[in-house]
1. Among (1) out of contact with any Gly (no Cβ under 6 Å at 6 or more places or on another chain); (2) surrounded by 17 or more Cβ atoms within 10 Å (Cβ to Cβ), there is one condition residue 136 misses while meeting the rest; what is its number?
2. Go through the stretch 319-344 and count every residue that is of a type in the set (A, V, I, L, M) and within 11 Å of the chain's Cα centre (by Cα).
3. Condition test on residue 70, is it farther than 22 Å from residue 248 by Cβ, among the polar types (S, T, N, Q), buried (at least 20 other Cβ atoms within 10 Å of the Cβ) and modelled with pLDDT of 95 or more?
4. Is it the case, given these coordinates, that residue 81 is free of Cβ contacts under 8 Å to residues at least 24 places away in the same chain, assigned to a loop (DSSP other than H, G, I, E, B), of a type in the set (A, V, I, L, M, F, W, C) and over 28 Å from residue 129 (Cβ atoms)?
5. Report, by residue number, each residue of the stretch 28-50 that is buried (at least 19 other Cβ atoms within 10 Å of the Cβ) and in a helix (DSSP H, G or I).
6. Take the conditions over 22 Å from residue 118 (Cβ atoms) and modelled with pLDDT of 95 or more and apply them to residue 376. Does it pass?
7. What are the pairs with Cβ atoms under 8 angstrom where one residue, in the stretch 256-271, is over 14 Å from residue 311 (Cβ atoms) and touching a residue at least 60 places away in the same chain (Cβ under 8 Å) and the other, located anywhere, is small (Gly, Ala, Ser) and outside any helix (DSSP H, G or I)? Sequence gap at least six, or different chains.
8. So, in the stretch 193-245, how many residues would count as being part of a loop (DSSP other than H, G, I, E, B), crowded, with 17+ Cβ neighbours inside 10 Å and of a type in the set (Gly, Ala, Ser)?
Amino acid sequence: MTASSSSSAPCITGWHHSQFGKLDGVDPEVLIGQVAKAAIEHAGLQPEDISSIHIGTFNAGFLYQDFPSSLVINTLPQLRFKPATRIENACATGSAAIHSGLHAIEAGHSKHALVIGFEKMTELATPQVGEILLKACYAKEEAGVPGGFAGVFGQIAQAYFDRYGDQSDALAAIAAKNHKNGFVNPYAHMRKDFGYDFCRNVSEKNPFVAGPLKRTDCSLVSDGAAALILSAADVARSMPRAVQFRSAVHTSDYLPLSRRDPTQFEAASLAWKQALAAAGMTLNDLSLVETHDCFTIAELLEYEAMGLAEPGQGARVILEGISTKQGRLPVNPSGGLKSKGHPVGATGVSMHVMAAMQVSHDAGDMQIPNARYAGVFNMGGAAVANYVSILERIS
């Protein structure tokens, strides 16, 4: 954990983000090299300045090529002989790679850490993608869930509906909000403002997928990569930009849903409490949040986990406009996973890049006016691995 009281917390000093989407004919190795080279240049560094490489990818069968930790050296031979490690933690893989870099800096082993997140998912048919993603469930009990992870979250949504009533209006409003936000994100996979009515109603183009979840409630199968540079605080302050981690927290919960209340993301709630406490802040201090909306029901539950609403009351956050770009706490001004896309290993890095852009006032049409503090929540599985970061630009 990085504490707010310490002026020595590592900083994000450079970044780069690829287009997300169906990247036909794009070699993952080339994609990794491109984002790494551009992030290093954005930080004003040379490849020789990098102390360690931390690469996040889920893979699990998306690509035959595994063991990707040193692939970036093919593009940037100056990185040869630098320590390079592959990190994986399901859909939180990107944040896990960031934590690996943070720990290397905090331990004094690295001055500048290169973090890369990537995934190439679309080379397989959708049913195969679903089977691979379902490997991140508790296989002994959940491997046979129809619909893959959509089926898992469909069960979560149904349990929530059974307890608190039909939330279809709220889920449609979340989907519509994120697609509207993603429309102005140049990196987004789906840049289309569908509107509330399309997201709310079942149609040939928006059928039910799993339980009460429709197609517009589900994030996209995407390819993409993102990279960032983490630097020690003593050198970061003299660099072109420095976005500091006021806090960075990781909590984990039981993998089996049978051992938890599926309608509450308890470990996510704990991560938020710990991160805000370590940052010396409350939720009211944040300018925006990038949260893990792999499914719209996840964003609804995350409103409650972060403390925007009591259990069962998450719908009011979106229906009252609190989480819109004009609201009290904009959530997913990038369009989130729902619109931006969800290349698994890239997601956590992407979310931190989007948040860093916001607090640096470098987010273009996505920009939240006067953004100062950004929260990031990235999770693996159904709130099993939970990462919360609080970011602030200091120079």
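1. Going through (1) out of contact with any Gly (no Cβ under 6 Å at 6 or more places or on another chain); (2) surrounded by 17 or more Cβ atoms within 10 Å (Cβ to Cβ) one by one, residue 136 breaks only (1).
2. 2
3. It is false that residue 70 is farther than 22 Å from residue 248 by Cβ, among the polar types (S, T, N, Q), buried (at least 20 other Cβ atoms within 10 Å of the Cβ) and modelled with pLDDT of 95 or more.
4. yes
5. Passing the criteria: 28, 31, 32, 33, 35, 36, 39, 40, 47.
6. So residue 376 fails the test.
7. So the pair list comes out as 257/382; 267/252; 267/383.
8. Total meeting the criteria: 5.
The values are calculated or read from the model by the stated rules, or taken from the named source; none is laboratory data. Quantities reported herein were computed from a predicted structural model and do not represent experimental measurements. Cβ sites come from the backbone with ideal geometry, for glycine too, and all protein chains shown count toward neighbours.
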